[in-house]
Amino acid sequence: GSRQTVEARMKAYELALSPAYAGTLGPPVASRLALDAALLQNRLGDAMAFESWLGRACTIDPSNPVSAEMRAGLSASLDAPDVIANDLVAAIKANPASYELYSRLARLLLSQGAYDGARRMARNADFAIRPQFELQGFDPAIPIIVERCLAEWAAGSTEQSRRRLHEFDQLRQQIFRQVAQRQGMAGTKQDIESLGFAPEGQIEIMRLAL
């Protein structure tokens with residue numbers, strides 16, 4: 001950071017990651033330095049150097065979630081499903097708690113007709129988002145639930161799809177009942193309806209399709 005020019009900073013990265021020194025840093029630190037070099041090249045607009053250093057960061061430490069997700073994002077624009085899938089798998093291994101990564105891989109597999117794999121990834125996304133539900137609410141969860149139902153349906157598990165929609169309906173009703181009770185109501189179905197909660201559009205379309 002004390003080096004004031006790009007050339008001096010890049011020389012420092014090259015020196016730190018040379019065979020003479022890289023082994024003393026350990027993979028996490030070396031990967032972070034390679035990622036810093038990649039980001040510097042990205043700011044300079046050198047796409048080839050950025051990709052090269054990013055690949056280096058991923059190779060040095062495949063468990064670096066930032067570099068793995070960045071490479072998965074970079075490959076998303078390619079017309080190469082196998083490459084995109086491999087990069088997403090690598091990113092998932094680096095960050096197995098990310099529901100977004102499972103969801104992206106599920107959508108890719110759906111688009112390629114790999115329905116069983118899509119169902120597995122959609123289930124993983126659904127499971128991964130549940131701990132976040134209390135913090136983030138319905139908004140991010142609904143697309144994940146719809147994706148899971150679609151993947152279950154495509155893979156021939158129509159009953160599993162209906163069951164997940166029913167679970168969602170039960171949870172939604174429970175939350176709305178609590179809202180009604182906080183407003184001094186008994187929380188009956190009529191009380192909930194009187195609050196004017198509109199049905200969720202994506203869920204209703206999925207329900208009609210099933």
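The values are calculated or read from the model by the stated rules, or taken from the named source; none is laboratory data. All values reported here derive from a predicted model rather than from experimental measurement. Note: ideal-geometry Cβ built from the backbone for every residue, glycine included; neighbour counts use all protein chains shown. For accessibility, only protein heavy atoms count, side chains too; no ligands or nucleic acids. Shrake-Rupley method; radii C 1.70, N 1.55, O 1.52, S 1.80 Å.
For the stretch 76-162, give the percent of accessible area contributed by carbon and sulfur heavy atoms, probe 1.4 Å, rounded to a whole number.
52
Of the candidates 95, 64, 42, which one comes out as most mobile in a Gaussian network treatment of the chain with C-alpha springs shorter than 10 Å?
Of 95, 64, 42, the Gaussian network model singles out 42 as fluctuating most.
To one decimal place, what Kirkwood hydrodynamic radius in Å is obtained for the stretch 7-64 from all pairs of distinct Cα atoms?
11.1
Loop-only trypsin sites (Lys or Arg not before Pro) in the stretch 41-89, please: DSSP not H, G, I, E or B, and at most 10 other Cβ atoms within 10 Å.
Filter output for the stretch 41-89: empty list.
If the elastic network links every pair of Cα atoms under 10 Å, which of 91, 76, 151 fluctuates the most in the Gaussian network model of the chain?
Result: 76 has the largest fluctuation of those listed.
Quick one: divide the alpha-carbon radius of gyration of the chain by 2.2 N^0.38 Å and tell me what you get.
The chain yields a ratio of 1.37.
Report, in deg cm²/dmol and to the nearest 500, the calculated mean residue ellipticity at 222 nm for the chain, where each DSSP H run with n ≥ 4 adds -39500 (n - 2.57) and the sum is divided by the residue count.
Helices in the chain give a 222 nm mean residue ellipticity of -24500 deg cm²/dmol.
Quick one: angle between helix 47-60 and the longest Cα principal axis of the chain, in degrees between 0 and 90, rounded to 10, please.
Around 80 degrees separate the two axes.
Pairing the Cα long axis of helix 27-44 with the longest principal axis of the chain, what angle in degrees results, from 0 to 90 and rounded to the nearest 10?
90
May I have the pair-distance distribution P(r) for the stretch 49-171, computed from all Cα-Cα distances with 5 Å bins from 0 and rounded to whole percent?
2, 12, 20, 19, 18, 12, 9, 4, 2, 1, 0
Choose one answer from 172, 120, 107: the residue with the largest mean-square fluctuation in a GNM of the chain with alpha-carbon springs under 10 Å.
172
Can you give me the angle between helix 138-154 and the longest principal axis of the chain, using Cα atoms only, in degrees from 0 to 90, rounded to the nearest 10?
Taking Cα atoms only, the helix is inclined about 90 degrees.
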